[in-house]
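Remarks on the structure that follows.
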Amino acid sequence: MEKVDWKVEGMTCTNCALSVNKFLQKEGMQDIKVNPIDGAVSFSSTLEIDKVKLKKGIHSLGYHVHDDEEGESHHHDHGTANGFLSNNKKRFLFTLPFTLVLMLHMLHPWLPLHWLMNPWIQLALCLPVFFTGMFFFGRSAVKSLRNGMPNMDVLIAVGALASFAYSLTGAILHFGEDYLFFETTASIITLVFMGNYLEEASIQSTQKALKSLAKSQKVMANMIAFDDKHQEQIFPIDNAFLKTGDLVLIKNGEQVPADCKILWGDCTVNEAIITGESVPLSKQKKDLLIGGSVIESGVVKAQVTAAGKDTVLSGILKMVQNAQSEKPPMQKLADKISAIFVPLVIGIAALTFLINYFVADQSLGNSLMRSVAVLVISCPCAMGLATPAAIAVGLGRAAKTGILFRNASSLESFKTIGQVVFDKTGTLTTGNFVISKFRTSIAENDFKKIAFSMEKFSNHPVAKAISGEWKINDAIGWKKIEEIKGIGVQAEDMEGNTFEAGSYKLLPADAPDKEHNIFILRNKELLGWINVSDEIRPEAKEVVEWLHENNISTILLSGDRENKCREVASQLGIDKVFAEQTPEQKLAKISELNALSPVAMVGDGINDAPALAKATLGISLSDASQIAMQSADVVLMNHGLKNLPSALGLGKHTYITIKQNLFWAFAYNIVAIPVAAIGLLSPTLAALAMGFSDIVLAVNSVRLFVKKVM
């Protein structure tokens, strides 16, 4: 299956995104995702994709496709990036002086502006604004109508065209001042350009966190090469040109240019941009460095393990962008309404004109202006942007904190979570074993020496914990030693004594006490035993307490022994324990709990994959380098259990922001259309109010960047 990722420029709202989506559906594309916030468009097909045909089709809708093959320069359907009238800001500044002069005629009773009452002077002032507006809104409107997918520009173009045609007729036929509304035409176009410019600026701010991540991808690297005399040479290179296997030198204070492995040197690294963790980490030879992180001290030589789109940071950005393109359940209603909104508003505007003229006995001019006001104020942008704007901010802030959402629906799922189920090993615990207790019948130092000398030859996690904690310099020199799988380690010293270290299987069948982890025997005589425990994460207790404070019940679901699970649950204050569970039993238990109340399952993302998938919300704790292996809805980077409350809080507050945005958008249109229809809003004020509504939603969404969510 071929997959395509494009950037489509010129989309201003969800109505635009729906047009692109419908076109791609009509062309047989699958898995279509269109993000009106950043213009990201992705789709796939089992057949060969005719990219040229699809680009032409999207261009015919009034948008421009920009992909990697075109390089980094950006083009617009209405001119080059630096051309005359190429963006909304330039168009607004160009039309503003003409409009302001036209608006001066309102001061005619108080100022000697008789010359401005001349219809031909008004026409001359209006024409530059009208042609600019029609070139932009008119062309876009015609293209959308021709493709059967009317966009919001239809409303603006029809409104401006109606008032201009009415005024031009009045000027030609000398009907007088009551028929001149050239200033209305100019003000509609100018104010909509202003609103679009302010909306773009506001919406762009919702991408702040993602832009910060993306910016950290582009740096200069110190590439290491060798001349014909095998002398090491270092020269700067854009990291976009790095390839897997290249050698780089990274100095103190520099940014890691790509994912790489340290070959020489050691350093401390700040990975906050990737994981949200500000405490520097120590790295040495053979350790991995994540592209985008910063070397705080030290100098290293490293080999690139992944570059470009294959890096961890690129994967994170792609995941967040995909999540932004997903449509959560709440957006479906807004999308349906946006899809039929333009034809509906044109119908309402026509009805407004007919009722005002034939029923309410209004003049032709008043009836037309009320109809135009309805057209201008009824922009569907507010409804379309309500959800994407909030999601863009929520996902961006989450990514900066080390929380990755695989889809936007996960954000909404947080609002209903009443239970959090934890796996034990690697989730509530670090997965690193520590010696918790031991007992011996010989001298303590001798016992530790024997244990270390044997366990250092084993790769078992428990053996590694013992040899690491009781490390000594004068280890016993064995005559022979071997590891017996499933039992332990057997050794023979120079005097012929046999030693064994391992599980209870080393003991006689009738031994009274088999509950310990490691037993040490000499010539079949028990010398002592050692217990190890999985180290509890320092932040686990605080997280559990936060959940309880927020009326969320906690459950421990593990395949480990009952006594160990209960010990951990007791230390952390977890409500319920289900121990010694097989993967199948875990799955059944999650189903059972889900029937009572929505469940969030927190696990390692691999061993608990079935349970994570079954839960209302699957949350995985993962190292950044293993991100692609995870199967959960949400990934907490760098084993960030401490970020669980932030994820829950951010999910709930993003949902609250979406609700607030949708309420404002619907309420605005429900109130504004009747107000415009009865003549309480002029087309000029309607244009101003239309732009203001989008800005309000964007600003409300941007509040999520600083809003307290915990």
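What the table shows:
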{"read-out": "Members of segment 404-434 that are small (G, A, S) and either without any contact (Cβ under 8 Å) to a residue 40 or more places away in the chain or surrounded by fewer than 22 Cβ atoms within 10 Å (Cβ to Cβ) (or both)", "value": "S409, G418, G426, G431"}
{"read-out": "Hits in segment 226-242 (condition: touching a strand residue (DSSP E or B) at 6+ places or on another chain (Cβ under 7 Å) and either surrounded by fewer than 17 Cβ atoms within 10 Å (Cβ to Cβ) or not assigned by TED's automatic domain parsing to the domain that holds P280 (or both))", "value": "F226, D227, E232, Q233, I234, F235, P236, I237, D238"}
{"read-out": "Selected residue [out of contact with any Phe, Trp or Tyr (no Cβ under 9 Å at 6 or more places or on another chain) and either at pLDDT below 85 or not polar (S, T, N, Q) (or both)] from A240, A186, A221", "value": "A240"}
{"read-out": "Any pair with Cβ under 7 angstrom, 6 or more apart, that starts in segment 465-490 at a residue that is closer than 25 Å to E535 by Cβ and charged (D, E, K, R) and ends at one that is at pLDDT 90 or above and part of a helix (DSSP H, G or I)", "value": "K471/F452"}
{"read-out": "Among the candidates G426, G486, residue that is closer than 30 Å to L587 by Cβ, at pLDDT below 85 and more than 44 Å from the chain's Cα centre (by Cα)", "value": "G486"}
{"read-out": "Of all residues in segment 599-610 being farther than 12 Å from D633 by Cα and at pLDDT below 90, the one that is surrounded by the most Cβ atoms within 10 Å (Cβ to Cβ)", "value": "D608"}
{"read-out": "Filtered residue count, segment 494-508, keeping only those that are within 20 Å of A463 (Cα to Cα) and modelled with pLDDT under 90", "value": "6"}
{"read-out": "Checklist (1) part of a loop (DSSP other than H, G, I, E, B); (2) of a type outside the set (S, T, N, Q); (3) surrounded by 18 or more Cβ atoms within 10 Å (Cβ to Cβ) applied to K471, failing item", "value": "(3)"}
{"read-out": "Pair list, Cβ < 7 Å and 6+ apart or interchain, from segment 226-237 residues that are within 16 Å of K251 (Cα to Cα) to residues that are assigned to a loop (DSSP other than H, G, I, E, B)", "value": "Q233/D227"}
{"read-out": "Criterion: of a type in the set (A, V, I, L, M) and modelled with pLDDT of 90 or more - qualifying residue of A511, A491, A465", "value": "A491"}
{"read-out": "Flag for L85 being in contact with a Gly (Cβ under 9 Å, 6 or more places away or on another chain), at pLDDT 60 or above and of a type in the set (A, V, I, L, M)", "value": "yes"}
{"read-out": "Breaking point among (1) more than 30 Å from the chain's Cα centre (by Cα); (2) assigned to a strand (DSSP E or B), for S282", "value": "(1)"}
{"read-out": "Complete set of residues in segment 129-147 that are hydrophobic (A, V, I, L, M, F, W, C), within 35 Å of the chain's Cα centre (by Cα) and surrounded by 23 or more Cβ atoms within 10 Å (Cβ to Cβ)", "value": "F136, F137, A141"}
{"read-out": "Qualifying positions in segment 600-611 - farther than 14 Å from L428 by Cα and not in a loop (DSSP other than H, G, I, E, B)", "value": "A600, A609, P610, A611"}
{"read-out": "Any chance Y668 is under 20 Å from the mean Cα position of the chain (by Cα), aromatic (F, W, Y) and surrounded by 20 or more Cβ atoms within 10 Å (Cβ to Cβ)", "value": "no"}
{"read-out": "Qualifying positions in segment 666-708 - of a type in the set (V, I, T) and under 15 Å from I348 (Cβ atoms)", "value": "I670, V671, I673, V675, I678"}
{"read-out": "Residue list for segment 542-582, restricted to those being surrounded by 14 or more Cβ atoms within 10 Å (Cβ to Cβ), closer than 14 Å to D423 by Cβ and among the acidic types (D, E)", "value": "D560"}
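The values are calculated or read from the model by the stated rules, or taken from the named source; none is laboratory data. It should be emphasised that the depicted structure is a prediction, and the values quoted were computed from it without experimental measurement. Quick reminder, even Gly has a Cβ in these numbers, built from the backbone with ideal geometry, and neighbours come from all protein chains shown.
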